[in-house]
Amino acid sequence: MSNTTALETKEKKRSALRSELLVPALAVLSGLILGAIVILVSGENPLLAYGALFKGSFGNPLDLIGGLQTYFSTGETRALLRAIYPFTESLVTATPYIFAGLSVALGFRCGLFNIGAEGQFFIGALCSAFVGYSIQGLPMIVHLPLAILAGALGGALWGMVPGYLKARFGAHEVVNTIMMNWIAFRLSDWLLNGPMKSSGFRPVTPNVLATAELPRIFPDPLRFNLGFFIALLAAYAVYWFLFKTTLGFEIRSVGANPDAARYAGMSVIRNFVLVMALAGGLAGMAGTAQVLGVDHWVGQGFSAGYGFDAIALALLGKSHPFGVVLSALLFGFLRSGATNMQSMARIPIDIISIIQGMVIIFIAAPDIIRWLYRMREVKKEETVLTRGWGS
């Protein structure tokens, strides 16, 4: 009887997992369908638009085949590098998304809404850039970790402030993180026009030294670098921390019911401060990855809205680290391919924003997806993503 019960429980978990994974997938599909309708109504060809989007995100398969043939016959790599350039650029775009999405998702797990990822992104970028260009004479094995650590600590300190205010005085983290965003924006404007400005007329920092740059995996012009693998490692670390450690269990308990967690002897104040510091550090790492791996400098308007898009990523990924990685890859491919869609198919890049917005609406209201596709609603006790995959 016990074996039968265990098998039934496992089957229920598998069914619940399939359902929870299917809803985001169908939300993405529904967003693409609605985007196609918008394109069609505007008088353009959706197939041509999405074809250009695919080529801009993944590259042309024919170019890849030709590049491989050239490489194996002559050893020439230029055609092959051109063929994989779009795909690697999508991964480059997805890298800050992974860090920023993890930042917001970690806050959600503790019942906190970290809207300050954008400001933490800026502070992390500025701190890593400062260490990257100001400290000279160090080997890469020392300089690069210092620059990465500076970005993570800068974001962590920026996130810890609203966490402390929330824990000590009950000040709402949404208001505080929004205010911290504006402080970060104005502080960066002052720094880029003053103490951290390079010798030119543009409000940008000096380029970081080569010893502080994240190594690139392929030669120029490909910008794919070690930052992507660090982001994947961070996602696994957050997963392990949340679902395999006692402190992670406390964080999830506080997020589920802070009163019950307090009654059980858990420190709600400590967890609030800790989570906001860790979330800020992850968002700071997003800016660090962009500075040290891609741009090598910080300027005004440096962020492309990574911190704000991270809220959508966390929702789409169900606040699970692995789900955030998949969501970040989706957003990275969409954003990377949007430029090609605009230039080749003459489709406004705003279509991508419409698709992303519709996907988030469907994720926020999953009952719409279940109604559209006649899916069975998963009972609350059957959910598995809230406890962690494989846990």
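Here are the numbers for this structure:
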| quantity | calculated |
| --- | --- |
| Spherically averaged projected area in nm², based on the convex hull that wraps the Cα atoms of region 80-230 | 10.7 |
| Cα lying deepest toward the dipole's positive end in the chain, options Ser57, Ala25, Ala212, charges on Cβ | Ala25 |
| DSSP loop trypsin sites (Lys or Arg not before Pro) with at most 10 other Cβ within 10 Å excluded, longest remaining stretch of the chain | 1-373 |
| DSSP H segments from the chain that extend 30 Å or more along their own axis, Cα-based, with Kyte-Doolittle mean of -0.5 or above | 2-41, 78-109, 140-169, 268-290, 321-344 |
| Region 198-233: chymotrypsin sites (Phe, Trp or Tyr not before Pro) in DSSP loop, at most 14 other beta carbons within 10 Å | Phe201 |
| Whole-Hz ³J(HN,Hα) from phi, Karplus 6.51 cos²θ - 1.76 cosθ + 1.60, for region 194-200, glycine and proline x | x, x, 9, 6, 6, 6, x |
| Dipole-positive endmost among Ala156, Phe228, Thr246 within region 57-316 (Cβ charges, Cα centre) | Thr246 |
| Dipole moment magnitude, nearest 20 debye, region 180-255 about Cα centre, only Lys, Arg, Asp, Glu C-beta charged | 80 |
| Net dipole in debye of the chain [+1 Lys, Arg Cβ; -1 Asp, Glu Cβ; about Cα centre; nearest 20] | 660 |
| Placed amide H near Asn225: partners under 5 Å, 5+ positions off or other chain | Ile217 |
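Bear in mind these aren't lab numbers, they're just calculated from the coordinates by the rules spelled out. Bear in mind that the values here come from a model prediction, so they are computed numbers and not experimental data. With ideal geometry, Cβ positions are generated from the backbone for all residues, glycine too; neighbour counts draw on all protein chains shown.
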